[in-house]
Amino acid sequence: MLNRRHILTAATIGGAAALFPLGRMMDPPKTRHVPEAPPEAPAAPAHAGDEDRSLAHAVPFAQAMPIPPVLRPTSTSASSEVYRIQMAETRVEIVKGLQSTVRAYGGCFPGPTIRALRGREVVIQQTNALDVPTTVHLHGGHTPSLSDGLPMDLIQPGGSREYRYPNNQVAASLWYHDHAHELEAENVYRGLHGAYLLSDPHESSLPLPNGEFDIPLLIRDARIEADGTLSYVSPYECPHMLVNGKERPHFAVAARKYRLRVYNVAPNRHLSLRFADGAHFTQIASDGGLLAAPTALDELTLTGAERAEIVVDFSRYPVGTSVVLENTAALDSERPEVLRFDITRKAEDPSRVPSVLATLPPVPKATVEREFFMETFPDTRINGRKYDPDRPDIETALGTSEIWTIHNWPNRRPAGVFHAPHSFHTHLVQFRLLDRDGRPPSPGEAGLKDTIAIYPGQTVRIAMTWNDYPGEYVYHCHHLVHSSHGQMGRIDVLPAEPKQPAARQSGK
Ligand SMILES: [Cu+2]
């Protein structure tokens with residue numbers, strides 16, 4: 001699989017590259033015009049001598065897009081729902097006509113959708129019937145440490161663990177996924193991810209599209225070999241783009257508005273999504289919930305693990321026509337198509353997007369500032385350190401508000417290797433973006449966030465409050481190859497003391 005360039009790259013940049021050469025993984029975001037290609041034409045290989053046989057069966061729009069089933073609770077009490085999920089290998093049809101073995105939650109790829117209500121506890125009993133250790137993290141969840149799915153809180157093969165989610169936060173498109181120490185990238189890639197849709201009375205009262213017009217889209221890349229094998233390889237060798245577990249599917253819609261909950265569940269790459277005709281759509285929510293006000297976009301960029309909810313009005317298209325969602329960040333060796341919407345019928349549409357969506361909480365006023373350097377060379381690190389589950393990198397006190405300045409500065413770049421974007425994620429809290437390179441956030445990034453893209457050369461500042469749950473948590477890059485190689489730190493939230501500790505100036 002490795003060609004000469006890859007081997008040279010791997011030898012140059014050391015540890016993180018031992019499993020995956022990082023070269024093309026580090027391409028900065030780019031926008032390019034993509035010409036139409038006939039559906040039967042395989043994409044051209046990226047470079048001579050790099051024939052990619054798996055592309056021969058990457059024919060787009062061969063299958064209908066499924067919607068992951070909503071999991072039914074095994075029991076319900078006055079204040080909670082209880083679910084049981086088994087993690088096990090299963091066989092699925094990702095590419096039409098081929099069977100692929102995946103690691104699945106509840107036999108589903110992606111996992112079944114969990115629907116939760118604010119203030120009602122969700123209890124999930126997870127059993128590991130795989131032959132690798134796992135943990136389960138609720139991404140974006142405001143979760144006590146014991147249920148956070150920390151990297152070393154492993155469920156060994158044959159074991160089980162109960163996770164309790166209080167749902168003490170506003171409505172949001174969250175997701176659950178694996179977080180096992182040094183294994184999360186492969187476990188998530190192989191299928192351990194699913195949507196967790198939290199609603200609340202305010203969100204439910206809005207006249208947004210709902211029911212069958214409220215659709216999660218879990219988007220990711222993959223590599224399926226000609227015999228159906230799902231190969232775990234670097235992201236620039238993943239020519240297949242999956243939506244809800246099917247390769248470049250089609251989806252029948254009515255000529256009306258839809259609420260689309262767009263997830264980037266690709267372990268290692270960002271996506272830039274636009275409609276082939278350049279049509280505008282409306283972003284209504286970011287990672288942690290509704291924006292204050294809707295914002296119009298013609299392209300949506302999501303880094304690894306980011307989500308955005310958008311409303312798309314398909315009434316602009318005549319019944320019988322189609323529109324394709326494309327990824328303008330596709331590599332030159334890949335097809336840009338992601339998903340084709342087929343407008344198949346008319347429908348009544350009482351929905352609308354209100355001009356005011358939510359009242360956001362005030363931006364936290366920080367008493368502590370910290371600084372982080374997301375490093376790519378000689379290895380993926382934060383402030384020069386590799387994650388050590390036994391070493392707290394930061395201690396803070398419950399209730400403390402902080403500003404984190406996070407740099408992705410290109411330094412010590414080996415010749416011929418691009419710098420990586422990083423995807424910064426903190427557990428426990430939703431944060432606010434204060435600025436990116438000194439500029440205020442765009443409207444789509446001005447709401448509640450748990451994951452933020454930091455492109456090479458950039459600096460972002462975020463603010464958060466470490467509230468409600470003391471204990472051990474982590475922050476990390478959500479390009480999971482990076483976190484699996486140690487681009488992660490540990491923060492211990494200590495029980496509140498009568499007096500605030502003195503401000504600290506370093507994240508080390
Ligand atoms: Cu990273």
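The values are calculated or read from the model by the stated rules, or taken from the named source; none is laboratory data. Computed from a predicted structure; not experimentally measured. Cβ atoms come from the backbone with ideal geometry, glycine included; neighbour counts cover every protein chain shown.
Among the strands (runs of 3 or more DSSP E) lying completely within the range 447-488, list those that include at least 2 residues that are modelled with pLDDT of 95 or more and within 12 Å of the ligand (Cβ to nearest atom).
Correct list: 451-454, 471-477.
Exactly one of these conditions fails for LEU428: (1) within 13 Å of the ligand (Cβ to nearest atom); (2) in contact with a strand residue (DSSP E or B) (Cβ under 7 Å, 6 or more places away or on another chain); (3) farther than 20 Å from LEU271 by Cα. Give me its number.
So LEU428 meets the others, but not (1).
Considering only the range 192-221, how many residues are part of a strand (DSSP E or B) and of a type outside the set (Val, Ile, Thr)?
First, the residues of the range 192-221 that are part of a strand (DSSP E or B): 193-199, 214-221.
Going one step further and asking which of them are of a type outside the set (Val, Ile, Thr), we end up with 193-199, 214, 216-218, 220-221.
Residues meeting the conditions: 13.
Residue-wise test of (1) in contact with a Lys or Arg (Cβ under 9 Å, 6 or more places away or on another chain); (2) assigned by TED's automatic domain parsing to the domain that holds ASP214; (3) surrounded by 17 or more Cβ atoms within 10 Å (Cβ to Cβ).
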{"position": "ILE284", "(1), (2), (3)": "yes, yes, yes"}
{"position": "ASP287", "(1), (2), (3)": "yes, yes, yes"}
{"position": "PRO294", "(1), (2), (3)": "no, yes, yes"}
{"position": "ASP298", "(1), (2), (3)": "yes, yes, no"}
{"position": "THR303", "(1), (2), (3)": "yes, yes, yes"}
{"position": "LEU339", "(1), (2), (3)": "yes, yes, yes"}
{"position": "ARG352", "(1), (2), (3)": "yes, no, no"}
{"position": "THR359", "(1), (2), (3)": "no, no, no"}
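Could you tell me whether any residue of the range 332-350 is assigned to a loop (DSSP other than H, G, I, E, B), modelled with pLDDT of 95 or more and among the charged types (D, E, K, R)?
yes
Can you tell me which of LEU183, LEU197 is outside the structural domain of PRO294 (by TED's automatic domain parsing) and within 21 Å of LEU428 (Cβ to Cβ)?
After applying the criteria, what remains is LEU197.
Could you list all residues from the range 104-116 that are surrounded by fewer than 24 Cβ atoms within 10 Å (Cβ to Cβ) and of a type outside the set (A, V, I, L, M, F, W, C)?
Correct list: GLY106, GLY107, PRO112, THR113, ARG115.
Taking the range 107-128, which residues are under 18 Å from ARG220 (Cβ atoms) and not in a strand (DSSP E or B)?
Those that are under 18 Å from ARG220 (Cβ atoms) and not in a strand (DSSP E or B): PHE109, PRO110.
Are there any pairs, at least 6 apart or on different chains, whose C-beta atoms fall under 6 Å, with the first in the range 479-493 and farther than 11 Å from HIS422 by Cβ and assigned by TED's automatic domain parsing to the domain that holds ASP379 and the second in a helix (DSSP H, G or I) and within 10 Å of the ligand (Cβ to nearest atom), and if so, which?
If the second residue must be in a helix (DSSP H, G or I) and within 10 Å of the ligand (Cβ to nearest atom), the pairs left are HIS485/ALA16.
Would you check if LEU300 is closer than 30 Å to ALA420 by Cβ and out of contact with any strand residue (DSSP E or B) (no Cβ under 7 Å at 6 or more places or on another chain)? Explain how you work it out, then say what you get.
Numbers: closer than 30 Å to ALA420 by Cβ: yes; out of contact with any strand residue (DSSP E or B) (no Cβ under 7 Å at 6 or more places or on another chain): no.
No, not satisfied.
Could you tell me which residue of the range 360-375 is nearest to the ligand (Cβ to nearest atom), considering only residues that are among the hydrophobic types (A, V, I, L, M, F, W, C) and closer than 30 Å to HIS485 by Cα? Walk me through it before giving the result.
To start, the set of residues in the range 360-375 that are among the hydrophobic types (A, V, I, L, M, F, W, C) comprises 360, 363, 366, 368, 372-374.
Adding the requirement that they be closer than 30 Å to HIS485 by Cα leaves 368, 372-374.
Working: VAL368: 24, PHE372: 12, PHE373: 12, MET374: 6 Å.
Top of the filtered list is MET374.
Every residue in the range 161-178 that is under 21 Å from PRO68 (Cα atoms) and either acidic (Asp, Glu) or under 14 Å from the mean Cα position of the chain (by Cα) (or both), please.
Across the range 161-178, the qualifying residues are ALA172, SER173, LEU174, TRP175, TYR176, HIS177, ASP178.
Checking the conditions here, which among PRO336, PRO378, PRO421 is within 16 Å of the ligand (Cβ to nearest atom) and under 30 Å from VAL95 (Cβ atoms)?
PRO421
Before we move on, is ARG220 basic (Lys, Arg), within 21 Å of ASN327 (Cα to Cα) and under 23 Å from the mean Cα position of the chain (by Cα)?
For ARG220, the condition - basic (Lys, Arg), within 21 Å of ASN327 (Cα to Cα) and under 23 Å from the mean Cα position of the chain (by Cα) - is met.
Hey, GLU348 hits all of (1) under 25 Å from PRO60 (Cα atoms); (2) over 26 Å from the mean Cα position of the chain (by Cα) but one; which does it fall short on?
(1)
As an exercise: evaluate HIS270 against (1) closer than 27 Å to ALA104 by Cα; (2) modelled with pLDDT of 95 or more and give the number of the one condition it does not meet.
Result: HIS270 passes all but (2).
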